[in-house]
Amino acid sequence: MADLIIDQADFHDWIESILVDRPVTRLLIHHTWSPSYKNFNGSNHLELQEGMRKFHTKDRGWADIGQHFSTFPDGKIVTGRSLEMDPACTKGANQNAICIENVGNFDDEGDIMTELHMKTIVEAAARVCGKWHIPVDADHVLYHHWFDLNSGQRNDGIGGTTKSCPGSNFFGGNRPEDAEAHFFPLIMNVLLP
């Protein structure tokens, strides 16, 4: 299926309309680091998505792009990997997961997240959690930083070999306590208005 560009305002209705046969029990959160905001021109969503797909399939040898969804600074969400497949995003956590990749570099000194992108990231995460009844906690909504790149073991970003992903400045930081204090409450505000 070709990648779709979905407006953040339409994502809830779209995701509720789809059927997925595999179990989904967790959500994986990433940032691209590259491409970043400087690579986005406001209309090249599919070009950037295809670049990520080529990197994942040609350089990494994966079956498809790693993520199911990519969010963009202008509030758009682009579909990617088939929802019937586990993602190829976080070694040790891919099974029964959905992966959202957020275009940008959200490390300290990186991109300053736009308000619209912030709203879209929260909305997308909330709608995925709502669709599959994923608890909004640090055992089910997971950052890439919390897993060792070599072993796939969860280490919460302490020791081992980790990436900063989804960024050291992503909604207040990339540690579990940062997610619990800053990101998870925003998701819950969408789910429980």
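Annotations for the structure displayed:
- Tallying residues that are touching a helix residue (DSSP H, G or I) at 6+ places or on another chain (Cβ under 8 Å) and of a type in the set (Ser, Thr, Tyr) within region 10-56 yields 2.
- Tabulated pairs, region 39-51, first under 12 Å from Thr71 (Cβ atoms) and in a helix (DSSP H, G or I), second of a type in the set (Phe, Trp, Tyr) and modelled with pLDDT of 95 or more, C-beta under 7 angstrom, 6+ apart or interchain: His45/Phe72; Leu48/Phe40
- Qualifying positions in region 58-103 - of a type in the set (Phe, Trp, Tyr) and either under 19 Å from Glu47 (Cβ atoms) or not in a loop (DSSP other than H, G, I, E, B) (or both): Phe69, Phe72
- Among the residues making up region 120-176, those that are assigned to a helix (DSSP H, G or I), more than 23 Å from Ser34 (Cβ to Cβ) and more than 13 Å from the chain's Cα centre (by Cα) are Gly130, Lys131, Trp132, Pro176.
- Hey, Leu149 surrounded by fewer than 19 Cβ atoms within 10 Å (Cβ to Cβ), of a type in the set (A, V, I, L, M, F, W, C) and closer than 18 Å to His31 by Cα or not: yes
- Test: residue in region 23-34 that is surrounded by 15 or more Cβ atoms within 10 Å (Cβ to Cβ), outside any helix (DSSP H, G or I), aromatic (Phe, Trp, Tyr) and in contact with an Asp or Glu (Cβ under 8 Å, 6 or more places away or on another chain): yes
The values are calculated or read from the model by the stated rules, or taken from the named source; none is laboratory data. Keep in mind that this is a model prediction, so the values were computed, not measured. Please note: Cβ atoms are built from the backbone with ideal geometry, for glycine as well, and neighbour counts cover all protein chains shown.
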